[in-house]
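Asks: One structure, as structure tokens, below. Some questions next.
Every read-out reported here was derived from the displayed coordinates using simple, explicitly stated rules and does not represent laboratory data. Note that this is a predicted model, so its numbers are computed, not measured. So basically every Cβ, Gly included, is an ideal-geometry build from the backbone, and we count neighbours across all protein chains shown.
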């Protein structure tokens, strides 16, 4: 067991075959501490999403090493990657809620992935989390009847409901107003402190950069900056 | 329903929720499944009706063995004649307690300006009641009077109500084969697919109607056996008595079963019905596939999300099979109701014995579940397009 939730070493990644083969990541090295909030930044096409999907076990690691929660993902088979994904939480920019499930049922799916269990208990847990996120009055609403921000909060609840070890989020605050966005990120931070939940987030939202423990910037498939976040710096400075 | 299915499945009934989320599409799908069910029920009903039509004349016979000419012996009505001498030869066998010839002929009965019916005549000895169904024994005696008949109340294209009061003391006259006959009673047999009705006459009346036929060449011979005799053994021993390849001897039940099989598997009508059932199944599979695959395509991002969350293939198989079974289980019932209405209408219009049987309903229900499940399995191929890495 190491102190890092994620260790990336010498990671390369390619798309396509033959003439069309294109390298998306070049010798990426990164370490993400347990319970930390890491933000990935960079222009479109810089490779941050590819890195996120590789660390999130959504793609096969072909070259280099990605250790996730002490599990090596290089050449890991599909079953291993599925098992690992069950320990993760995903928040997508386009929330991807199931249109025929209510807010409560969408969140319950986050528990159902771990087994059938007691559906009544699942519903109570989902209700509690949605209530925490300010959606206590929208439990039985279908996604079509929720605003963009409300949908995103349901998606956040779905990702958090099973107490994941790591949360991978793609622009989770894009659809949220300033207050809600900050509240969501503070929730990730609190989870990091209280439960050791690690969060890796792709974002362009400058409002939340100050909350990050680490900010990683990619460009053209390479990490061009890997710096400690403002709060972390202040914390270190304060300790000094 | 959601709570019930949640308890039943031990998970959220996502398939059910997906289907009911689009009521219009669900109704169209159910209509499609019901339509396919009607197609299958109609074909099976007609096939069953044909089998029943084939069996009905055999059920008129009581005795154990049926002796026919080997030529064209697959059907009761088309069999070639055989020498009556075969009857006398059979009576030599100690286990044969009696026998009677049957004469069969077909004629067209023109009962009105435009109405004509194809009638199957059975020429029987009036005193041969014990060889026939109990209900026929008494009426057969009334055929002793020349030029009398027992007419079929289920005869098609004829208003048979005027024959309802037919009685030996008050025969109802009618003309057929340019000969005046008197109906002295009625039977309810039905013509089935081979004709429009069955009339029973005495053997003597039969020869009046079909003068080219001779009493020496019956269509079939019925043999009654001693109570303890084994029909199979007696049939084999009788076959030894006759010159080779001159007769075919079977129990009545065997003959009936063989003709049903022949009609269903070797005659075009039976094959057409079987083909119709196959077409109905294919239509059902195609309709269910269209609905299920469209549903998968519409939810491809949600499925990809579930894959990202760590749901395994079995979970998706469960959802699609859940949808398939719901479509089958709900779509079956309107199909059953419409088919029942179709059967009743057809039976009323044609007098053919077409009716729903529990076995058929259960078989079609199971077939519907199977067909929809096949569609579901085919639709699952679209799941491959659900790539979780593409969600980001």
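Asks: Which whole-angstrom value gives the distance between the alpha carbon centres of the range B:333-392 and the range B:4-42?
Replies: Using only Cα atoms, the two centres lie 11 Å from each other.
Asks: Over the range B:102-203, what is the percentage of antiparallel beta bridges among all DSSP beta bridges, to the nearest 5? List each step's numbers first, then the result.
Replies: On the way: 16 of 27 bridges.
So the antiparallel bridges amount to about 60 percent of the total.
Asks: Now for a separate question. When the C-alpha atoms of the range A:1-40 are aligned to their principal axes, what extent does each axis show, in angstrom, from largest down?
Replies: Here the Cα extents, ordered largest to smallest, are 42, 21, 12 Å.
Asks: Partner chain Cβ atoms within 10 Å, averaged over the residues of A:49-58 - can you pull that number for me? Can you show the working numbers first?
Replies: Values: counts 3, 2, 0, 2, 6, 1, 0, 4, 4, 9.
Mean partner shielding for this stretch: 3.
Asks: Over the range A:59-173, what portion of Cα pair distances is larger than 24 Å, expressed as a whole percent?
Replies: Working: 1960 of 6555 pairs.
Beyond 24 Å sits 30 percent of the P(r) for the range A:59-173.
Asks: Using alpha carbons only, how many degrees (0 to 90, rounded to 10) separate the axis of helix A:230-239 from the longest principal axis of chain A?
Replies: Roughly 80 degrees between the two axes.
Asks: Related question: So for the protein assembly as shown, Kirkwood radius off the Cα pairs, Stokes-Einstein at 10 °C and 1.306 mPa s: how many µm² s⁻¹?
Replies: On the way: Rh = 31.1 Å.
Approximately 51 µm²/s, per Stokes-Einstein.
Asks: Another question about this same structure. With angles folded into 0 to 90 degrees, how steeply does helix A:178-195 sit against the dominant principal axis of chain A? Use alpha carbons for both and round to 10.
Replies: For A:178-195 against chain A, the angle is about 80 degrees.
Asks: A further question follows. Using a Gaussian network model of chain A whose springs link C-alpha atoms within less than 10 Å, name the residue from A:118, A:205, A:127 with the highest mean-square fluctuation.
Replies: A:118
Asks: I've got another one for you. Work out, in µm²/s and without decimals, the Stokes-Einstein translational diffusion coefficient of the range B:283-336 at 37 °C, 0.692 mPa s, Rh from Kirkwood over C-alpha pairs.
Replies: Details: Rh = 12.2 Å.
It diffuses with D of about 269 µm²/s by this estimate.
Asks: A further question on this structure: Please report the antiparallel percentage of the DSSP beta bridges confined to the protein assembly as shown, to the nearest 5.
Replies: Working: 52 of 81 bridges.
Approximately 65 percent, going by the DSSP bridge assignments.
Asks: Shielding by partners for B:312-323, please: the mean number of other protein chain Cβ atoms within 10 Å of each residue's Cβ.
Replies: Working: counts 6, 2, 0, 2, 0, 0, 0, 0, 0, 0, 0, 0.
Taking the mean over all residues of the peptide, I get 1.
Asks: For the range A:121-158 and the range B:44-83, write down the distance between their C-alpha centroids in whole Å.
Replies: Value for the Cα centre distance between the two parts: 72 Å.
Asks: Could you work out the relative contact order of the range A:12-53? I mean the mean sequence separation of Cα pairs under 8 Å and 6+ apart, divided by the number of residues, in percent. Numbers along the way, then the final one.
Replies: Details: 30 pairs, mean separation 12.6, N = 42.
It comes to 30 percent, rounded to a whole number.
Asks: Roughly how many whole Å is it from the C-alpha centroid of the range A:1-26 to that of the range B:177-239?
Replies: About 89 Å separates the Cα centre of the range A:1-26 from the one of the range B:177-239.
Asks: Right, here's the next one. Connecting C-alpha atoms closer than 10 Å in a GNM of chain A, tell me which of A:94, A:175, A:137 has the biggest fluctuation.
Replies: Evaluated over chain A, the most mobile residue of the options is A:137.
Asks: So, one more: For Cα pairs less than 8 Å apart in space and 6+ apart in sequence, what is the mean separation divided by the residue count of the range B:1-136, i.e. the relative contact order in percent? Please list the in-between numbers first.
Replies: Numbers: 92 pairs, mean separation 21.4, N = 136.
Here the relative contact order equals 16 percent.
Asks: Within a 10 angstrom radius of the beta carbon, how do B:333, B:109 rank from fewest other beta carbons to most? Walk me through the numbers before you get to the answer.
Replies: Details: B:333 14, B:109 22.
Ordered from fewest to most neighbouring Cβ atoms within 10 Å, B:333, B:109 come out as B:333, B:109.
Asks: Starting from 0 in steps of 5 Å, tell me what percent of the Cα-Cα pairs of the range B:1-67 lands in each bin.
Replies: Calculated P(r), rounded to whole percents: 4, 13, 11, 11, 10, 10, 8, 7, 6, 6, 5, 6, 3, 0.
Asks: Further, regarding this structure: Can you compute the label reach from residue B:312? Point 7 Å from Cα along the Cβ direction, backbone N cut-off under 15 Å, restricted to the range A:70-100.
Replies: A:77-87
Asks: Using a Gaussian network model of chain B whose springs link C-alpha atoms within less than 10 Å, name the residue from B:29, B:135, B:149 with the highest mean-square fluctuation.
Replies: Looking only at B:29, B:135, B:149, the largest GNM fluctuation is found for B:135.
Asks: Hey, another quick one. Using only helices, what value at 222 nm comes out for chain B when you add -39,500 (n - 2.57) per DSSP H run of length 4 or more and divide by the total residues, to the nearest 500 deg cm²/dmol? Could you put the intermediate results ahead of the total?
Replies: On the way: 12 runs with 199 residues, N = 392.
Helix-only estimate at 222 nm: -17000 deg cm²/dmol.
Asks: Another one. What does DSSP give for chain B in terms of the percent of beta bridges that are antiparallel, rounded to the nearest 5?
Replies: Details: 31 of 42 bridges.
DSSP beta bridges in chain B are roughly 75 percent antiparallel.
Asks: So what is the relative contact order of chain B, in percent, for Cα pairs below 8 Å that sit 6 or more residues apart?
Replies: After rounding, I find 26 percent.
Asks: Averaged across the residues of A:98-107, what count of C-beta atoms belonging to other chains lies within 10 Å of each residue's C-beta? Mind showing how you got there, number by number?
Replies: On the way: counts 11, 8, 13, 6, 3, 0, 1, 6, 3, 0.
Partner Cβ neighbours, averaged per residue: 5.
Asks: When A:222, B:360 are ordered from fewest to most other Cβ atoms inside 10 Å of their Cβ, what list results? Walk me through the numbers before you get to the answer.
Replies: On the way: A:222 14, B:360 18.
Listing A:222, B:360 from fewest to most nearby Cβ atoms yields A:222, B:360.
Asks: Can you sort B:157, A:74, B:199 so the residue with the fewest Cβ neighbours within 10 Å comes first?
Replies: On the way: B:157 17, A:74 14, B:199 26.
Starting with the residue having the fewest Cβ neighbours, the order is A:74, B:157, B:199.
Asks: Treating the Cα atoms of chain B as identical point scatterers in vacuum, please give the log10 of the normalised Debye intensity I(q)/I(0) at q = 0.09, 0.12, 0.15 Å⁻¹, two decimals.
Replies: -0.68, -0.92, -1.23
Asks: Taking each pair of distinct Cα atoms in the range A:10-75 once, what is the resulting Kirkwood hydrodynamic radius in Å? If you can, show how the numbers build up before the last one.
Replies: On the way: mean 1/r = 0.0787 Å⁻¹.
Value: 12.7 Å, from the Cα pair sum.
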